[in-house]
1. For the pair residue 10 and residue 123, how long in nm is the line joining their label points, each one 7 Å along Cα→Cβ?
2. Largest first, what is the accessible-area ranking of 160, 30 with a 1.4 Å probe?
3. Order of 102-110, 82-90 by packing, highest average Cβ count within 10 Å first?
Amino acid sequence: MDEYMPLPNKEDWRTIAAGFHQRWKFPNCCGFIDGKHVVIQAPHNSGSLFHNYKGTFYRALDADYLFRVVDVGGYGRTSDGGTLANSCFGEGLRDGTLDLPEDVQLSGGETVGPLPHIFVGDEAFPLGLNLMRPFPGTNIPREKSIFNYRLSRARMTVECAFGMLSTD
């Protein structure tokens, strides 16, 4: 994998986070993650491993902003969260080996202290120290609603990227 798409280093993550903060007003964000089912020719003798509930053979693709990290090869019936958990990227996210920048004190957030650099997913992904998702529900306090709005607005980058990828 490193030969074709090297895993970003600390300075790369810092640059990505600065871009998200500048363009989307979403600080400390190193990217958005999502899964995408892509139609493939099922591998010989794979049985139903790559078959999902839609009745077609698929592989899941995980990617963050601008496809800085791509993991290909999840089984069709595995959820996005399960595919992430079984990927090298997901393992690095869990055990802290992604070389993310150190926690940063955000302007206006002095009372909460330094905050970690994070990735953002949708409801399919589990919360973690470096993994956030929207607050659930519709009847939520104004502050949470504003957070969800900003998160959803910034998250459109991954939705657009997958849209372009699948319209050929």
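1. 3.8
2. Numbers: 160 70, 30 0 Å².
Of 160, 30, the descending order of accessible area is 160, 30.
3. On the way: 102-110: 10.7, 82-90: 19.1.
Descending packing order for the listed peptides: 82-90, 102-110.
The values are calculated or read from the model by the stated rules, or taken from the named source; none is laboratory data. Since the structure is predicted, the reported quantities are computational estimates derived from the model, not experimental observations. We place every Cβ from the backbone using ideal geometry, glycine too, and count neighbours over all the protein chains shown. When the accessible area is computed, the model is the full protein with side chains, heavy atoms only, and any ligands, DNA or RNA have been set aside. Shrake-Rupley method; radii C 1.70, N 1.55, O 1.52, S 1.80 Å.
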